[in-house]
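Working notes for the structure below.
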Amino acid sequence: METAMRTVQVTLPAVDAAFLRRQSRNMGWKITTVRPKRTAEPKVEMTENEFRAKIAQSSAQGAAGLYIEKRPDETMEQFVNRMLCI
């Protein structure tokens, strides 16, 4: 009687993969690792003039007092949440 072979793809943490690899030897299974495909992030570039304009705008906002500070009684998580809700 011939045993049917089947290919299965499973995604699991590396720690579990090591355990599964050890167990597979006892079961007579063949385990191979496939690395996930990496998608390239689009590169965002700006000219030097655009960069300097952003720095000038930021400096002008700071000089005019248009900035947000973390309050002394506020945790970093609360500050970030407040920033996201503005």
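For the reader, a short list of remarks on this structure follows.
- Scope segment 14-42; condition surrounded by fewer than 10 Cβ atoms within 10 Å (Cβ to Cβ) and in contact (Cβ under 8 Å) with a residue 12 or more places away in the chain; matching residues: 33, 34
- Test: residue in segment 64-80 that is free of Cβ contacts under 8 Å to residues at least 12 places away in the same chain, open to solvent by less than 100 Å² (accessible area, probe 1.4 Å) and over 27 Å from the mean Cα position of the chain (by Cα): yes
- Total residues in segment 51-86, condition in a helix (DSSP H, G or I) and not hydroxyl-bearing (Ser, Thr, Tyr): 20
The values are calculated or read from the model by the stated rules, or taken from the named source; none is laboratory data. Small disclaimer: the values here were computed from a predicted structure and weren't measured. Positions of Cβ are backbone-derived with ideal geometry, glycine not excepted, and every protein chain shown enters the neighbour counts. All accessible areas refer to the heavy atoms of the entire protein, side chains included, with ligands and DNA or RNA removed. Shrake-Rupley method; radii C 1.70, N 1.55, O 1.52, S 1.80 Å.
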